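Trainee: Got a structure for you, questions after.
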Amino acid sequence: MNADLEKLIRLQQLETTADDARRQIADHPDRGQALDSRLQHARDLVADVKTRLAAAQEKRRADEKEVSTVQTRLAKYKDQLLEVKTNREYTAMLHEIEAAQNDIKTREDRILEIMMESDELNAELKKREAELKASEKEIAAERAALEKEVAQLEIEMSTTAAARAALVAQIDRAALAIFETTAKGRKGVAVAEAHNGLCTICHVRLRPQIFNEVRKNESIIQCDSCRRILYFAGENAPVAQTTQPAVPAED
Ligand SMILES: [Zn+2]
């Protein structure tokens, strides 16, 4: 194989690797934020139950206080009942007593309901707190994995950059210029495998004469359509992954 062609294929592999790493590193802030929102959501659920529980307790305290007030009033009514002079006063006092007793009963029923509701809320709180604890653990592990991944990608990028610099120094200037111009216009992918008479990236059929030349891998030949540098990996060779863009082929 032509030495420059071989180096350009390798250069393309390095650039694709570096691009992938760069893209993954760029995605990391979003992934970190997704973890933050997951954690916040678990915390909000706990806070929400606590708020409802506090509201229930406050309602209960207010009712208990009122029950005690009404009970004091009721005791007073019962004393006054012994001192009334007329039948009318007596009946009126009985009404007052009955109203107070009804009020107490209503409030006591409500207190019972609030207590049951509080039991449920306490159970829910326990559940949400356990979920939060599990989420915290899970998210911390995911965050650590994410940071490790970034560190590895950064190492990969610097290794790739060093390999790229060493390689570029060995490539013929004219061949490198073709590569760089094409890469700039083709989203960083300047090399394409030719397979079954086609450019495997733009899918345009090569002229038979051109394809025959490409098969020899002896010179730098560009696709007539996408201008990428073509190489041949063999008749039955699987189409190389490294020079395939992740995006659908362009024209
Ligand atoms: Zn092409």
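The values are calculated or read from the model by the stated rules, or taken from the named source; none is laboratory data. What you see is a predicted model, and the numbers here were worked out from it, not measured in a lab. Counting neighbours? That spans all protein chains shown, and the Cβs are built from the backbone with ideal geometry, glycine included.
Trainee: Are there any pairs with C-beta distances below 9 angstrom linking a residue in region 177-202 that is more than 19 Å from Lys7 (Cα to Cα) and touching a residue at least 40 places away in the same chain (Cβ under 8 Å) to a residue that is part of a helix (DSSP H, G or I) and more than 10 Å from the ligand (Cβ to nearest atom), with the two at least 6 apart or on different chains, and if so which?
Mentor: Filtered contacts from region 177-202: Lys187/Asp19.
Trainee: Let me ask something else. If you check Val150, Val67, Val84, which single one turns out to be modelled with pLDDT under 95 and either surrounded by 12 or more Cβ atoms within 10 Å (Cβ to Cβ) or among the β-branched types (Val, Ile, Thr) (or both)?
Mentor: Val84
Trainee: Okay, next question. Sort out which residues of region 184-200 are near the ligand (Cβ under 9 Å from one of its atoms), surrounded by fewer than 23 Cβ atoms within 10 Å (Cβ to Cβ) and more than 26 Å from Arg22 (Cβ to Cβ), and write them in order of number.
Mentor: Listed by number, the list holds a single entry, Leu198.
The rows are residues; the columns are (1) over 20 Å from Gln33 (Cα atoms); (2) among the hydrophobic types (A, V, I, L, M, F, W, C); (3) assigned to a helix (DSSP H, G or I).
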site: Ile139; (1), (2), (3): no, yes, yes
site: Glu147; (1), (2), (3): no, no, yes
site: Val150; (1), (2), (3): no, yes, yes
site: Thr159; (1), (2), (3): yes, no, yes
site: Ala162; (1), (2), (3): yes, yes, yes
site: Leu167; (1), (2), (3): yes, yes, yes
site: Ala174; (1), (2), (3): yes, yes, yes
site: Thr181; (1), (2), (3): yes, no, yes
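Trainee: Could you please give the count of residues in region 201-251 that are among the acidic types (Asp, Glu), at pLDDT 95 or above and within 14 Å of the ligand (Cβ to nearest atom)?
Mentor: 1
Trainee: Kindly list, by first and then second residue, each pair from a residue in region 55-83 that is touching a residue at least 60 places away in the same chain (Cβ under 8 Å) and in the same structural domain as Leu94 (by TED's automatic domain parsing) to a residue that is assigned to a helix (DSSP H, G or I) and among the hydroxyl-bearing types (Ser, Thr, Tyr), limited to pairs with Cβ atoms under 9 Å and residues at least 6 apart or on different chains.
Mentor: Hits for this filter: Ala56/Ser118; Gln57/Ser118.
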